[in-house]
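**Q** The structure follows.
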Amino acid sequence: MTADQLKLYERFTTGRRADPSSPFRLTDRNGYLLGPAAAWVLSPVIGLALEGLGDSLEQHARVSRRCREFVILMVAHRRQSKFELYAHSRAGRRAGLSDDDLAAIAAGGPPDLQSDEERAIYRLVSTLLERGAIGDADYREAVDTLGIDAVLEVVVLVTYFELVATHLEVFNINPPTDT
């Protein structure tokens, strides 16, 4: 590996991402990268930028982890992204999504929406995934309920995981078989 590839590799194999209590693994038994990093290591400059965005969405989120996970799962099901489904079904359970919630999302419906925030996020994401954009009334409702910063965060979360799903598909990256 080049120095930049090694830097990206270390971002995914050390710290919180390598914690044994993590809901999913990002390396296999031989130390090979799993998930999007398996593609991103091919161009570490791009990979590090994408890792930084993902890390920001994870570490500085305004919306709850439960909401983030059901948003990611909505994208993953729409894209039939095997690795995202593997990883975020596990992360979703850890974030408080029940098996019934996971089944509802898989069937194209909402999880048990427990707050105005969750209902607004679900409507925003459903509309965005269905139409590719949202209208003025939907935008205003989302901003009024969530705040402009959370609306941006949710839109970035959707588009980031659409991008991740594309990378996983193009580079034929699947979940580990030994889970």
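The values are calculated or read from the model by the stated rules, or taken from the named source; none is laboratory data. What you see is a predicted model; the values in this text were computed from it and never measured. We place every Cβ from the backbone using ideal geometry, glycine too, and count neighbours over all the protein chains shown. Surface accessibility is based on the protein's heavy atoms, side chains included, excluding ligands, DNA and RNA. Shrake-Rupley method; radii C 1.70, N 1.55, O 1.52, S 1.80 Å.
**Q** Taking the options Asp138, Asp112, Asp116, name whichever one is more than 29 Å from Asn174 (Cβ to Cβ), surrounded by 15 or more Cβ atoms within 10 Å (Cβ to Cβ) and in contact with a Ser or Thr (Cβ under 8 Å, 6 or more places away or on another chain).
**A** Asp138
**Q** When the residues of the stretch 17-30 are filtered to those that are charged (D, E, K, R) and within 16 Å of the chain's Cα centre (by Cα), which remaining residue is modelled with the lowest pLDDT?
**A** In this case the residue turns out to be Arg17.
**Q** Still on this structure: Only one of Leu50, Leu33 is within 20 Å of the chain's Cα centre (by Cα), open to solvent by less than 50 Å² (accessible area, probe 1.4 Å) and in contact (Cβ under 8 Å) with a residue 60 or more places away in the chain. Can you tell me which?
**A** The match here is Leu50.
**Q** Scanning the stretch 10-30 for residues that are open to solvent by 50 Å² or more (accessible area, probe 1.4 Å) and among the hydroxyl-bearing types (Ser, Thr, Tyr), which turns out farthest from Asn172 (Cα to Cα)?
**A** Among them, the one singled out is Ser21.
**Q** Something else about it: Please give the helices (runs of 4 or more DSSP H) falling wholly within the stretch 76-179 in which 3 or more residues are free of Cβ contacts under 8 Å to residues at least 24 places away in the same chain and farther than 25 Å from Leu50 by Cβ.
**A** Because the criterion is at least 3 residues that are free of Cβ contacts under 8 Å to residues at least 24 places away in the same chain and farther than 25 Å from Leu50 by Cβ, the helices (runs of 4 or more DSSP H) in the stretch 76-179 that meet it are 99-106, 116-131, 136-146.
**Q** Is it true that some residue in the stretch 60-74 is loosely packed, with under 14 Cβ neighbours inside 10 Å and farther than 23 Å from Leu152 by Cα?
**A** no
**Q** Please tell me if Ala95 is closer than 21 Å to Asn172 by Cα and at pLDDT 95 or above.
**A** So Ala95 does not fit the description; no.
**Q** Just name the residue that is farthest from Glu169 (Cα to Cα) out of those in the stretch 36-47 that are among the hydrophobic types (A, V, I, L, M, F, W, C) and more than 15 Å from the chain's Cα centre (by Cα).
**A** Across the stretch 36-47, the extreme among qualifying residues is Val45.
**Q** Just to verify a result, which residue in the stretch 56-75, among those that are in a helix (DSSP H, G or I) and free of Cβ contacts under 8 Å to residues at least 40 places away in the same chain, is farthest from Arg16 (Cα to Cα)?
**A** The extreme case among them is Leu73.
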